[in-house]
Structure formats: structure tokens, C-alpha cells
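In what follows, a structure is listed as C-alpha cells, so that the remarks can point back to it.
Derivation of every value follows stated rules applied to the coordinates shown; laboratory data play no part. Quantities reported herein were computed from a predicted structural model and do not represent experimental measurements. Note: ideal-geometry Cβ built from the backbone for every residue, glycine included; neighbour counts use all protein chains shown.
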Amino acid sequence: MPEARTLVLVKPDAVRRGLVGEVLRRIEAKGYTLVAAELRTADPALLEEHYAEHAGKPFFEPLVTFMSSGPVLAAVVAGERVVEGFRSLAGATDPTSAAPGTIRGDLGRDWGRPVTENLVHGSDSDESAAREISLWFPGL
Ligand code: RTP
Ligand code: MG
């Protein structure tokens with residue numbers, strides 16, 4: 001079986017705070033491999049596709065606005081069980097209650113803004129990873 005892959009996004013809040021290196025350091029320290037990485041400001045259309053499962057929810061539009069508010073670092077990361085492993089590194093969605101030791105738990109907090117700014121995204125299944133990688137890195 002080919003090695004597992006996941007799509008990681010270092011979100012605009014983390015890029016603005018200068019945390020790209022810290023996030024990549026944790027991924028590499030865990031033993032995962034960086035396959036591709038690109039800093040770019042995503043079009044709302046790409047983000048609407050990326051977050052299609054959340055279309056219609058109250059946080060959908062603010063989420064797309066936040067995610068297109070500045071550059072993200074989009075990366076493909078590889079390794080055995082990396083989908084589960086990166087979700088574990090990232091921690092729970094709400095950074096206030098995410099466990100210390102995780103990216104969100106150590107580096108994130110609530111800023112009182114409408115969308116949960118939580119520093120990183122990681123695909124939630126192998127199927128989502130394949131779909132998201134083909135969206136962000138066509139041909140990879
Ligand atoms: P992600 O997809 O970004 O890795 O995060 P996740 O699986 O932990 O969270 P998910 O439920 O997929 O939600 C996607 C992103 O939407 C924002 N969100 N805001 N205000 C809210 O109630 C709310 N809920 C979700 C967060 O940025 C979350 O990561
Ligand atoms: Mg999700």
C-alpha cells in the first residue's frame with residue numbers, strides 16, 4: 001500500500017503570527033515527510049469547494065472570508081497513518097480547550113472573533129485527503 005498522505009493548511013492567523021516554522025517543525029519532529037508546500041492566498045471559490053461539507057452552516061461565509069484574508073501555507077505531508085497523526089498533533093477544533101502539547105492547545109486561543117481561528121487544518125480521512133490534495137495540488 002502506498003504511504004498515507006494528508007493535506008495540511010497553516011491558516012492565515014498562524015501565517016500572520018509567524019508560526020509557519022513552528023508548525024512545520026512539529027510535523028518534521030514527529031517524523032512525517034513534507035511532499036509539497038506552497039504559500040498562497042486562496043480564492044474564495046477554492047475554499048468553498050474545500051469546505052463544501054460546511055456549506056449552509058452559520059460559520060461557512062465567515063470561514064471562507066477568514067481563510068482568504070491572507071496567505072496560507074498549503075502542504076502535502078506523508079507518513080504511516082498521517083491523517084490521524086496530524087489531527088492528533090493539531091488538537092481539538094476549539095483552541096481554548098485543545099489539550100496542551102497540541103498545536104492548537106499550545107499556540108491558539110479565542111480572540112472573540114466570529115470564526116474559530118485555530119491555526120491549522122488537517123484532512124479528516126484518507127478520502128478527504130485525496131479530495132483535498134487534488135483540489136490544492138492538481139496532478140500530485
Ligand atoms: P479543519 O477542518 O480546519 O481541520 O478543522 P476541524 O476539522 O477541527 O473543524 P471543522 O468542524 O471541520 O470546521 C472547519 C473549520 O471551521 C471553523 N469553525 N468555526 N464558529 C464555529 O462554530 C466554527 N466551527 C468551525 C474552524 O476554523 C474549523 O477549523
Ligand atoms: Mg474539518
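Report yes if V76 is of a type in the set (V, I, T), away from ligand 1 (no atom under 14 Å from the Cβ) and not in a helix (DSSP H, G or I), otherwise no. Criteria met by V76. Flag: A42 matches the condition of being among the aliphatic types (A, V, I, L, M) and part of a loop (DSSP other than H, G, I, E, B).
Within region 1-26, residues that are among the small types (G, A, S) sit with their Cβ atoms under 8 Å from residues that are within 16 Å of ligand 2 (Cβ to nearest atom), at 6+ positions apart or across chains, in these pairs: A4/V82; A4/V83; A4/D126; A4/A129; A14/L119; A14/V120.
Output the residues belonging to region 92-125 that are of a type in the set (A, V, I, L, M, F, W, C) and part of a loop (DSSP other than H, G, I, E, B). Matches in region 92-125: A92, A98, A99, W111, V115, L119.
Quick grid of which residues meet (1) of a type in the set (G, A, S); (2) under 18 Å from R16 (Cα atoms); (3) touching an Asp or Glu at 6+ places or on another chain (Cβ under 6 Å):
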residue	(1), (2), (3)
P44	no, no, no
F59	no, no, no
T65	no, yes, no
V72	no, yes, no
A75	yes, yes, no
A78	yes, no, yes
F86	no, no, no
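Scanning region 112-137 for residues that are acidic (D, E), surrounded by 14 or more Cβ atoms within 10 Å (Cβ to Cβ) and out of contact with any strand residue (DSSP E or B) (no Cβ under 8 Å at 6 or more places or on another chain) turns up E117, D124, D126. Specify the residue that is surrounded by the fewest Cβ atoms within 10 Å (Cβ to Cβ); the eligible residues are those in region 21-38 that are β-branched (V, I, T) and farther than 16 Å from I103 by Cβ. Among them, the one singled out is T33. Does L63 meet the test of being closer than 24 Å to G31 by Cβ and touching a helix residue (DSSP H, G or I) at 6+ places or on another chain (Cβ under 8 Å)? Judged against the criteria, L63 is not a match.
Among the residues of region 58-69, not a single one is within 15 Å of ligand 2 (Cβ to nearest atom) and touching a residue at least 60 places away in the same chain (Cβ under 8 Å).
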